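Asks: Got a structure here, written out as structure tokens. Questions coming.
The values are calculated or read from the model by the stated rules, or taken from the named source; none is laboratory data. Fair warning: this is a prediction, and the values are worked out from it, not measured in the lab. Heads up, the Cβs are rebuilt from the backbone with ideal geometry, glycines too, and the neighbour counts pull from every protein chain shown.
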Amino acid sequence: MIDPADVASLVGRFSDFSDGEAVKSRDLVLMLLERSPAPFSRKQFTPGHITATGLVLAPDRERLLLVHHRRLDRWLLPGGHVEPEDPTVLSAARREVIEETGVRLEGDGAAPLAGIDVHGIPPKGKDPYHLHHDLIFLFRAASDDFQVSPESRGVVWCRPSEFDRYAVPRSVRRAYQRHRSSGVIGRILRLVPESVRHACQR
């Protein structure tokens, strides 16, 4: 069973003040975890529930994996609801990615939290309009191979130049750019001599 306090600790460490929407979403997720009796239950519609999503990069570290969601009729990141048997929200995101795309992911351990996005889901059947408090984790695919699941109409590797073509949501673009920026900074730091890095940190 997932401990809300563990998830709150993870979410609380997320900080990117250049992305006001993600920070606001972070605060809403923390409020949900603190005050809700069942934050991971798909049956809790007020104020909504936690969902888990994967931002999956291709082996070239540039292309992004998208699925065409059958119900919402949109290209989105693979992801979905947390199940009772999921030990962590991260494992829920990994499971959803594999179920929806069949992609083989590198490693089986930790993956960073790449973004947070609270967004509305339209009503369907007995389910009213509600909010998904979505945690987006960064994964890397071991190959380009994938398969289409019954939940989606298609799966595609999308280049940044194709984001407009697939109407990639703004929150996903920001999460992708956050990853790219951190990667560039990391490569620059690796080129700086260790003695200089230590001197700058004093």
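Asks: Within the group Ser91, Ser171, which residue is under 13 Å from the mean Cα position of the chain (by Cα), among the small types (Gly, Ala, Ser) and crowded, with 21+ Cβ neighbours inside 10 Å?
Replies: Ser171
Asks: Given the condition within 24 Å of Asp127 (Cα to Cα), charged (D, E, K, R), free of Cβ contacts under 8 Å to residues at least 24 places away in the same chain and surrounded by fewer than 20 Cβ atoms within 10 Å (Cβ to Cβ), answer yes or no: does some residue in segment 16-37 qualify?
Replies: Yes, segment 16-37 has at least one match.
Asks: Taking only pairs six or more apart or across chains, which ones have beta-carbon atoms under 7 Å, a first residue in segment 156-170 that is under 21 Å from Asp117 (Cα atoms), and a second residue that is at pLDDT 95 or above and aliphatic (A, V, I, L, M)?
Replies: Cys158/Leu64; Cys158/Leu66; Cys158/Val168; Tyr166/Leu66
Asks: Name the single residue, out of those in segment 67-79 being surrounded by 21 or more Cβ atoms within 10 Å (Cβ to Cβ) and within 12 Å of the chain's Cα centre (by Cα), that is nearest to Ile2 (Cα to Cα). Show your work before the answer.
Replies: We begin by selecting, within segment 67-79, every residue surrounded by 21 or more Cβ atoms within 10 Å (Cβ to Cβ); these are 67, 75, 77-79.
Now drop any that are not within 12 Å of the chain's Cα centre (by Cα), which leaves 77-79.
Working: Leu77: 23, Pro78: 21, Gly79: 17 Å.
Looking at the filtered set, the residue picked out is Gly79.
Asks: What is the residue count in segment 107-128 for residues that are assigned to a loop (DSSP other than H, G, I, E, B) and either under 14 Å from the mean Cα position of the chain (by Cα) or at pLDDT below 95 (or both)?
Replies: To start, the set of residues in segment 107-128 that are assigned to a loop (DSSP other than H, G, I, E, B) comprises 107-112, 122-123, 125-126, 128.
Of the ones still in play, those that are also either under 14 Å from the mean Cα position of the chain (by Cα) or at pLDDT below 95 (or both) are 107-112, 122-123, 125-126.
Count: 10.
Asks: What's the total number of residues in segment 114-130 that are surrounded by fewer than 20 Cβ atoms within 10 Å (Cβ to Cβ) and in contact with a strand residue (DSSP E or B) (Cβ under 9 Å, 6 or more places away or on another chain)?
Replies: Taking segment 114-130 as the starting set, the residues that turn out to be surrounded by fewer than 20 Cβ atoms within 10 Å (Cβ to Cβ) are 119-130.
With in contact with a strand residue (DSSP E or B) (Cβ under 9 Å, 6 or more places away or on another chain) added as a condition, the list becomes 119-121, 123, 127, 129-130.
Number satisfying all stated conditions: 7.
Asks: Which members of segment 142-174 meet the condition of being touching an Asp or Glu at 6+ places or on another chain (Cβ under 7 Å) and among the aliphatic types (A, V, I, L, M)?
Replies: The answer is Ala142, and nothing else.
Asks: So, one more: Please specify each residue of segment 131-149 satisfying the condition of being under 16 Å from Arg95 (Cβ atoms) and either touching a Cys at 6+ places or on another chain (Cβ under 8 Å) or surrounded by fewer than 18 Cβ atoms within 10 Å (Cβ to Cβ) (or both).
Replies: If the condition is that a residue be under 16 Å from Arg95 (Cβ atoms) and either touching a Cys at 6+ places or on another chain (Cβ under 8 Å) or surrounded by fewer than 18 Cβ atoms within 10 Å (Cβ to Cβ) (or both), then Gln147, Ser149 are the ones that fit.
Asks: Every residue in segment 130-145 that is closer than 16 Å to Gly109 by Cα and not in a strand (DSSP E or B), please.
Replies: Filtering segment 130-145 for residues closer than 16 Å to Gly109 by Cα gives 136-142.
Result: Ala142, single match.
Asks: Across segment 38-57, what is the total count of residues that are surrounded by fewer than 18 Cβ atoms within 10 Å (Cβ to Cβ) and either within 14 Å of the chain's Cα centre (by Cα) or within 25 Å of Arg174 (Cα to Cα) (or both)? Break it down stepwise before answering.
Replies: Of the residues in segment 38-57, the ones surrounded by fewer than 18 Cβ atoms within 10 Å (Cβ to Cβ) are 38, 41-47.
Among the residues that remain, those that are also either within 14 Å of the chain's Cα centre (by Cα) or within 25 Å of Arg174 (Cα to Cα) (or both) are: 47.
Number of matching residues: 1.
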